[in-house]
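Below is one structure, written out as structure tokens; the observations come after it.
The values are calculated or read from the model by the stated rules, or taken from the named source; none is laboratory data. None of these values were measured; they are calculated from a predicted model. Counting neighbours? That spans all protein chains shown, and the Cβs are built from the backbone with ideal geometry, glycine included.
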Amino acid sequence: MHTIKLGNMANSERERTADWFRRFAHAEGAESPRYRDWALGIADDDELLALVEKLPLSKRQPVLVLTCARVAGVPLRPFETARGDFFALWPAIAKLARTRSTQTNDPRRCTPILVALDRISGPIALVEVGASAGLTLFPDRYTYIWNAPGRSVTSHPVDGPSTVSLVADIEGWGANPPRRPNIVHREGIDLTPLDVTNSADRDWLEALVWPEQAERLALVRAAAGIVATSPAMLTAGDAVVEIRAAVARARKAAPTATIVVSSPAVLVYLDPAEREKFATYCARAKVRWISLDGRRVVPRIGDAADERGIDGDFLLSLDSIPIASIDPLGRHVTVYGSSGLSPGDVDVIEFERENWGPTQSKESLVRKVWNLPLVRYYQRLYGIMESTAARRYDPILVRSFAETSKL
């Protein structure tokens, strides 16, 4: 591609904007070849960067600019041939960017949310910040299919399979399916909530799904259809300002419920002081707080993950305690329980529970799942079962294994 240069590229603000687009292209943008190409093209184009710089800083987010370009009519073709369309349609792109925001609302994030809700008992009043269209306020309405090593965990709503099936790879999960939460009250907070019953808002919600992600788009459409039948209350406003009033409304609406505040991948958009203010409120307000965020977004959570030996750039935490490393969109979850077993050790135990004792097909199954010869598998299993952590995890299973081993 021919790189357009205007004047002195020592302009630090322009360099920062260009770097923002490059970092996007090599990180999140790697999931969309078209967006990656567009982001790199803009990063190397002084004329377009000059236009982007005229937007408020919060409106220069690469994914927002690229989504607005799509909605404004820039065709999905290589940047080299679409560059002229960016200029021709820039007034419409800029207008959209000033009035819209990145409100990615991926129902797949309900998988880690459900992992956390499994640890909370009783009826639940769910309050979500950064709720967008409220698709993640309905974790009880979706079907979950979790693929663990050598087994599958499936959970349906109480009234049967959902039109939304959320598939994820999970490590460290126990024997039982997740408990279905009894959600008796829901409210979402967003600067500009999206109404799934409004065609323009629904179009914007769908446009936020990247060009090549047809499966994700189908999930968003199906989840929006579920939400549209009984929309949750959505409040327009700043998370830190509105959270107290929302919690008060939840307590009034469901006085016997446990108040759960959820912040799925939203705190990164607050400045550090506001993040700390929000986290401090959740700690003092007698609510349960579920957070899905980057490892260092809330420093105390990242530090706790370091201490527990939890890897990963994105964490699920409950009440500031990290309980899983996750994919930002909920496609993969590695759960860390309180027994002291590693997620891999839990998976070995649960594999053995499902495939108890010697069977004709076990050797081939062990090789397929664990890539181990049967002798090595049993050496590992014996080592796990003899640990104090295994006895904490499931004393009855450990005792049964010990008795069987003596035979």
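Points to keep in mind about this one:
- Hey, Ile189 in contact with an Asp or Glu (Cβ under 7 Å, 6 or more places away or on another chain), assigned by TED's automatic domain parsing to the domain that holds Arg331 and β-branched (Val, Ile, Thr) or not: yes
- Selection count, the range 117-127, where residues are outside any strand (DSSP E or B) and either hydroxyl-bearing (Ser, Thr, Tyr) or crowded, with 24+ Cβ neighbours inside 10 Å (or both): 2
- Screening the range 14-34 for residues that are among the aliphatic types (A, V, I, L, M) and part of a helix (DSSP H, G or I) and picking the one that is nearest to Val209 (Cα to Cα) gives Ala30.
- One residue from Leu76, Leu96, Leu40, Leu117 being at pLDDT 95 or above, among the hydrophobic types (A, V, I, L, M, F, W, C) and under 30 Å from Leu318 (Cα atoms): Leu117
- Check on Ser325, closer than 27 Å to Gln213 by Cα, of a type in the set (S, T, N, Q) and touching a His at 6+ places or on another chain (Cβ under 9 Å): yes
- Filtered residues of the range 339-372 (kept if free of Cβ contacts under 8 Å to residues at least 12 places away in the same chain, outside any helix (DSSP H, G or I) and either within 28 Å of Asp311 (Cα to Cα) or under 33 Å from the mean Cα position of the chain (by Cα) (or both)): Asn371, Leu372
- Summed over the range 260-299, the residues that are surrounded by fewer than 21 Cβ atoms within 10 Å (Cβ to Cβ) and either part of a strand (DSSP E or B) or not assigned by TED's automatic domain parsing to the domain that holds Pro181 (or both) give a count of 2.
- Failed item, numbered, when Leu329 is tested on (1) at pLDDT 95 or above; (2) closer than 30 Å to Gly130 by Cβ; (3) in contact with an Asp or Glu (Cβ under 7 Å, 6 or more places away or on another chain): (1)
- So Gly340, is it in contact with a Phe, Trp or Tyr (Cβ under 9 Å, 6 or more places away or on another chain) and loosely packed, with under 15 Cβ neighbours inside 10 Å: yes
For every residue, the table says whether it meets (1) surrounded by fewer than 18 Cβ atoms within 10 Å (Cβ to Cβ); (2) touching a residue at least 60 places away in the same chain (Cβ under 8 Å); (3) in a helix (DSSP H, G or I).
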| position | (1), (2), (3) |
| --- | --- |
| Arg36 | no, no, yes |
| Ala39 | no, no, yes |
| Ile42 | no, no, yes |
| Leu66 | no, no, yes |
| Arg70 | no, yes, yes |
| Val74 | no, no, no |
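- The residue list Tyr393, Tyr377, Tyr336 contains one member that is of a type outside the set (Lys, Arg) and more than 30 Å from Leu292 (Cβ to Cβ), which is Tyr377.
- The range 331-353 - residue that is of a type outside the set (Val, Ile, Thr) and in contact with a Gly (Cβ under 7 Å, 6 or more places away or on another chain) and, of those, farthest from Leu117 (Cα to Cα): Phe351
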